[in-house]
Amino acid sequence: MSKTYAPPADMAANAHVTEADYDKMYAASIADPTKFWGDHGKRIDWIKPYTRVKDVSYEFGNVSIKWFDDGTLNVAANCIDRHLAARGDQTAIIWEPDSPDDEALHISYRDLHKATSKMANVLKGLGVEKGDRVVIYMPMIPEAAYAMLACARIGAIHSIVFAGFSPDALSARVNGCGAKVVITADEAPRGGRNTPLKTNADKALAHCDDSVQALVVRRTGADVPWSDRDHDYNALAATASDDCPPAEVNAEDPLFILYTSGSTGQPKGVVHTTGGYLVYAAMTHQITFDYHDKDVYWCTADVGWVTGHSYIVYGPLANGATTLMFEGVPTYPDASRFWQICEKHKVAQFYTAPTAIRALMGQGDDFVKKADLSSLKLLGTVGEPINPEAWNWYNDVVGGGRCPIVDTWWQTETGGHLMTPLPGAHATKPGAAQKPFFGIEPVVLDPTDGSVVEGNGVEGVLCIRDSWPGQMRTVWGDHERFEQTYFSDFKGYYFTGDGCRRDADGDYWITGRVDDVINVSGHRMGTAEVESALVAHPKVAEAAVVGYPHDIKGQGIYCYVTLMSGDEPSEELRKELRTWVRTEIGPIASPDLIQWAPGLPKTRSGKIMRRILRKIAEDDYGALGDISTLADPSVVDDLIANRMNKG
Ligand code: WTA
């Protein structure tokens with residue numbers, strides 16, 4: 001039995017959702033989703049109210065997901081305009097720059113309204129219209145939020161590309177969605193170093209149509225190369241009108257595309273639409289974090305990931321919250337930065353990833369203890385399973401044993417939290433995502449035959465029985481791939497790609513991906529992407545990539561590489577391949593270990609047996625299983641003998 005931690009008494013009494021509420025609301029949400037979501041859809045403002053709530057088919061070959069589909073609204077009006085009367089002077093966004101010596105900004109809802117409207121008018125001036133795509137490749141600066149909201153204001157669809165992605169990755173995404181404009185910045189300061197973002201964008205745009213324009217925000221004022229396609233945002237904004245009426249958008253019009261990795265092929269463009277997404281982001285933000293007026297809320301993610309979309313920008317702003325945006329990294333100037341920021345801005349809810357917690361835990365408690373963290377009320381984690389040691393440190397040292405931890409399990413595809421303990425309702429268990437959110441019906445399936453595993457104390461693959469408003473609607477430009485990926489393996493369910501355990505109490509524990517997706521420092525990566533980057537190198541004949549347990553990153557990237565005949569392994573080549581992958585994809589895909597493999601374990605039909613490669617990388621030879629079906633079983637001995645020392 002794992003130890004549980006009851007909610008603090010005042011939270012149990014005053015939370016948006018208490019223990020008694022949860023059971024009642026959950027039962028109601030499952031019994032009658034139309035009634036439940038019909039009521040909660042009113043959390044946001046509609047231009048034309050919906051009369052239809054839910055219209056969903058999970059039938060393979062005919063998958064269609066619609067929520068509130070005869071309603072119209074505007075997301076920017078919901079995140080800004082509707083708060084102006086009551087909260088015009090309240091801070092919407094606190095911006096904390098990379099260097100603690102530079103001044104933080106407090107952007108009020110009124111300021112946000114002006115800035116977003118200006119950006120919207122600048123985009124219109126570049127010819128961006130409703131339904132057009134705009135790629136955002138930006139540092140964590142307020143203009144990134146303005147850009148998202150400006151697109152929403154005019155009904156354009158944004159696609160954010162994390163600023164750590166390479167020019168190649170950027171151009172693939174610009175071309176993938178046929179973007180008209182790329183919004184970027186001159187440079188991106190992080191951890192005291194400036195990434196030449198504009199130069200990277202230039203390299204990417206060299207592989208895009210000439211008609212694609214660039215809108216460049218001046219962050220550092222560095223002298224950057226300039227061409228005919230470039231527009232200076234600061235110059236245009238200086239004269240742009242700050243009045244831009246919000247466009248009327250249908251609930252099912254796309255709000256954004258966000259590329260994410262899967263088990264096969266190249267990243268796919270996850271499409272989220274307008275009405276259901278906003279309802280779900282707003283509701284989960286308020287309830288999971290038990291957000292109350294005047295709280296300062298901080299999510300440390302980057303807007304390049306879905307967490308930044310739902311829980312830095314859309315959810316908090318739809319709720320009229322004060323949301324903190326941080327440009328820098330947890331260890332600059334030193335490992336106390338997160339805690340200094342919590343103290344400085346009196347953060348109440350703090351939401352980060354297990355990888356950051358583990359890294360900071362390794363730096364010792366003094367960095368935490370020198371900050372006054374008495375403003376904290378709640379802690380959250382996201383992105384990967386959290387190990388009990390990190391959970392306990394987070395709870396004891398950061399939270400002082402006073403702050404409930406919400407371990408939120410969800411995905412780019414789900415738009416918002418699908419499972420998490422609620423801080424006023426549930427006694428938490430270190431490492432468990434625990435309880436489904438309202439309207440979410442988890443189902444555990446037997447991976448071998450797809451049958452439903454009933455009862456408690458069981459394990460299997462995790463599917464969801466029905467839809468929820470925040471669910472993705474399609475893969476951009478490839479609905480068939482959407483159906484194949486999520487609805488073909490287990491018919492009639494949404495397949496999450498994760499495994500899970502339901503414990504004796506009926507609580508859920510996420511056990512990790514069951515497909516060829518790995519999770520490196522909370523960043524999701526397809527092993528196929530890294531493999532295709534490796535084989536693009538002229539000296540590489542074949543490559544297989546798997547994850548292995550890594551103390552800080554959760555999983556590290558282990559590559560088995562077979563060289564072209566005539567090419568010799570060397571330390572230099574290893575370095576070269578690492579740099580190669582960083583340039584092809586980005587630093588987050590940098591291989592941790594590269595093992596030279598004269599041969600890979602293959603079946604007689606030529607299929608690589610990844611199960612074996614995973615076991616070797618995990619240092620778990622006892623469990624290799626049957627290798628007699630291999631075309632050449634002797635390759636396994638060689639791989640084991642030359643396994644990389646993880647050190
Ligand atoms: C993993 C991030 C365990 C999971 C929001 C999922 C988690 C993938 C948790 C999605 C958690 C996310 N506990 N595992 N609390 N949260 N994951 O799309 O494997 O970047 O499928 O979305 O991260 O990653 P993505």
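Each peptide in 445-453, 611-619, 25-33 receives the mean, over its residues, of other Cβ atoms within 10 Å, and ordering these scores from highest gives 611-619, 25-33, 445-453. Counted by Cβ distance under 12 Å from V128, the other residues give a net charge of +3, where Lys and Arg count +1 and Asp and Glu count -1. For K539, the lysines whose Cα comes closer than 27 Å to its Cα, not counting residues fewer than 8 places off in the same chain, are K203, K575, K602, K607, K615, K646. Taking amide H positions as modeled 1.01 Å from N, with prolines and chain starts lacking one, the residues under 5 Å from T381 and 5 or more places away or on another chain are T352, V406, D407, T408. Look at the alpha carbon pairs under 8 Å that are at least 6 residues apart: their mean separation over the length of the range 500-570 gives a relative contact order of 23 percent. Taking max minus min of the alpha-carbon positions on each principal axis, the chain gives extents of 74, 61, 57 Å, largest first. Residue separation of K24 and S451 scaled by 0.36 nm, minus their Cα-Cα distance, works out to 150.8 nm of gained length.
Residues with beta-carbon under 11 Å from that of V224, excluding V224: net charge, scoring Lys, Arg +1 and Asp, Glu -1? The partial results should precede the final answer.
Working: positive: K198, R218, R219; negative: D186, E187, D202, D223, D230, D232.
Charge balance in the 11 Å sphere: -3.
Computed from phi, the 3J(HN,Hα) profile of the range 315-325 under the Karplus parametrisation 6.51, -1.76, 1.60 (θ = phi - 60°) reads x, x, 6, 4, 8, x, 7, 9, 10, 9, 10 Hz, with x in place of Gly and Pro.
3J(HN,Hα) couplings calculated from phi for the range 547-559 with the Karplus curve 6.51 cos²θ - 1.76 cosθ + 1.60 (θ = phi - 60°) are, in sequence order, x, 9, x, 10, 4, 9, 7, x, 10, x, 9, 10, 10 Hz; Gly and Pro show x. Around P33, what is the net charge, scoring Lys/Arg as +1 and Asp/Glu as -1 over all other residues with Cβ under 12 Å from its Cβ? Net charge around P33: -2. Descending by average beta-carbon neighbour count within 10 Å, the peptides 86-99, 159-172 line up as 159-172, 86-99, the highest first.
Charge dipole of the range 73-146 (Cα centre as origin; +1 on each Lys and Arg Cβ, -1 on each Asp and Glu Cβ, all else neutral): 580 debye, rounded to the nearest 20.
Of all lysines in the structure, those lying under 17 Å Cα to Cα from K377, and not within fewer than 8 positions of it along the same chain, are K294, K344, K346, K369.
Show that you can apply the helix-only estimate: for the chain, add -39,500 (n - 2.57) for every DSSP H stretch of four or more residues, divide by all residues, and state [θ] at 222 nm to the nearest 500.
-8000 deg cm²/dmol
Under a straight-distance cross-link criterion of Cα-Cα below 24 Å, which lysines are reachable from K130, leaving out those fewer than 8 residues away in the same chain? Cα-Cα hits under 24 Å: K48, K66, K114, K118, K180, K268. Here's how it looks for V217: its modeled amide H is under 5 Å from those of T184, A185, D186, Y233, which are all 5 or more places away or on a different chain. With θ taken as phi - 60° and the Karplus curve 6.51 cos²θ - 1.76 cosθ + 1.60 applied, the whole-hertz 3J(HN,Hα) list for the range 382-387 is 7, x, 6, x, 9, 6 Hz, x standing for glycine and proline.
Bear in mind these aren't lab numbers, they're just calculated from the coordinates by the rules spelled out. Quick caveat: nothing in here was measured; it's all calculated off a predicted structure. Note: ideal-geometry Cβ built from the backbone for every residue, glycine included; neighbour counts use all protein chains shown.
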